[in-house]
Amino acid sequence: MPEDTTAPTGGQGSTIPAIPPRTHERPRPDGDGEPTATDADRTPSGDRAPYADRAPYADRAPGGDRAPSGDQAPDADRAPGGDRAPGGHRVPGGDRVLGGEAPAPAGAAGGYLRVLGIPEYRAVFLAHSLSLLGVVVSEIALSVLVYDLTGSPLLSALTFAVGFLPYLLGGTLFAGVADRFPARRVLVVCDLLCAACVAVMALPGTPIGLLLALRCALAVVSPVFQGTRMATLADVLGDGDLFVLGRSLLRIVSQSALLVGYGCGGLLLTVLSPRHALLITVATFLASALLLRLGTRRRPARAGRGTPADGPLTGARRVLADRRTRLLLLLFWAPPLFCVVPEALAAPYADRIGAGSTGLGLLMCALPVGTIAGELFAGARLRPATRERVALPLLCFMLLPYLGFALAPGLGWTLCLLVLSGAGNAYTLGLDQWFVAAVPEELRGRAMTLNTAGLMTVQGVGMALAGVAAQFAGVPATVAGAGLLGTLVCVLLALSARRGAAPGGALRKNERPKCETGLTTM
């Protein structure tokens, strides 16, 4: 498709109290007779050792679930719900997830392998890869098809533009679908709808107006699919570090598609007609639907049967009603609004510095390369607490390299600036953890859908504004201005997030302030 547990209760600024240790418990032996990681060490008197010496997630919420704390030991050896990874990974409802019985390797470096070791996640991952391949092929094939039929560069470019604008429509009007119906059903139906739309595109004689309308329909369905899928990851992986790494892998696949997908799609059109290439997209959507239907478990709707049905905009209003969620969404949306400026102006900038078509291709690849490198390093080498700690600093500094465009550097230096800026996107790994913890489970699908719609919309708006500004100020000044203005916006948002540590302003309902930075784990 074109790309949890209920949040702990408590008002803003509240901190979840720790449940006193229960001294009557005894260590449970595992398979080799040693105490498990979930039981704390005991003092010679038989009492539990202090919290500082206990396994991760020592604090417990009033309901009995463990509440993460940013200053505690990493959760590498635990499943997100607090259970032992070797004994089976549990979803928020308490059911075991397929594949959770595999032991989790210690340390952050094994994080991605732990995620891929869960069969249900592998089905989601493979379905995402297939549908993404279909999207790339369809975008190229449809653009070529429209140009062949009309000879109009404007209409050919419009086929790409209409892929951005309807995201906002679908994300706001249909956000409630993600929580009102079982997630697996929503995902499969979305894939089937997209397959049907592309199949009609591939029919001989389909008029141009209908082609563009079907392209819009794909963009309307897409945020519902992506939001539902992201919320499903929290069901499959829990709402801890595995969820963060699972989302990171999907983003890495998406960025990799930008590097190789369009090139492969262009080669494909040398041996197939555009309409035949669209049939490949139909096949990928159908394969994705089959994988999701057979490879994921059926789970009930998050909103519950007794919940009143949302109106067209009720879901979005409920998500945006919470100050924490609004601020977190802005933290997701602000950087992409400015990050896309160099990509939107890559062609005129390559012409200005005399880089040619090869240089243009390199300029288009630089940001995705930096993003992939940053996410891989943060996901594989940094501990969860460290990723959260560096999230806001990365947010503040990621757009500063754009200031170098004021000097109109050559190709080599420009590529370095873009790769460095792209690496700053690793801030999203820390933000993912805060977001899934702040949004209640019954609103999680709607929140993810709205987030996806906003991300695509701000990128389209950013590209349009970049073109207008470059018409008057020139390309170097426009990119440098985007870096300056974007940095100011990000710093203001980061300060707002940091002030969340104050009473009444917490961004996470179960946060514990980090003494060394003053930030919260959100």
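So here's what we get for this one:
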quantity	calculated
Only one of S143, S138 that is modelled with pLDDT of 80 or more and among the small types (G, A, S)	S138
Hits in region 288-307 - residues which are at pLDDT 90 or above and small (G, A, S)	S288, A289, G295
Hey, E388 touching a helix residue (DSSP H, G or I) at 6+ places or on another chain (Cβ under 8 Å), acidic (D, E) and open to solvent by less than 50 Å² (accessible area, probe 1.4 Å) or not	yes
Residue under evaluation P409, criteria (1) in a helix (DSSP H, G or I); (2) open to solvent by less than 30 Å² (accessible area, probe 1.4 Å), criterion not met	(1)
Residue in region 344-364 that is under 13 Å from A482 (Cβ atoms) and either open to solvent by 20 Å² or more (accessible area, probe 1.4 Å) or aromatic (F, W, Y) (or both) present	yes
Those helices (runs of 4 or more DSSP H) lying entirely in region 161-257 with at least 3 residues open to solvent by 20 Å² or more (accessible area, probe 1.4 Å) and closer than 29 Å to L337 by Cβ	166-173, 208-237
Hey, G445 in contact with a helix residue (DSSP H, G or I) (Cβ under 9 Å, 6 or more places away or on another chain) and modelled with pLDDT under 90 or not	yes
Any chance L485 is under 25 Å from A219 (Cα atoms), open to solvent by 50 Å² or more (accessible area, probe 1.4 Å) and modelled with pLDDT of 85 or more	no
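Conditions tested, residue by residue: (1) touching a Cys at 6+ places or on another chain (Cβ under 6 Å); (2) outside any helix (DSSP H, G or I); (3) over 22 Å from F397 (Cα atoms); (4) open to solvent by 30 Å² or more (accessible area, probe 1.4 Å).
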site	(1), (2), (3), (4)
L429	no, no, no, no
V436	no, no, yes, no
A453	no, no, yes, no
A464	no, no, yes, yes
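The values are calculated or read from the model by the stated rules, or taken from the named source; none is laboratory data. Because the structure is predicted, anything quoted here is derived from the model rather than measured. Ideal geometry is used to build each Cβ from the backbone, glycine not excepted, and the neighbour counts take in all protein chains shown. Ligands, DNA and RNA are excluded from the accessible area calculation, which covers all protein heavy atoms including side chains. Shrake-Rupley method; radii C 1.70, N 1.55, O 1.52, S 1.80 Å.
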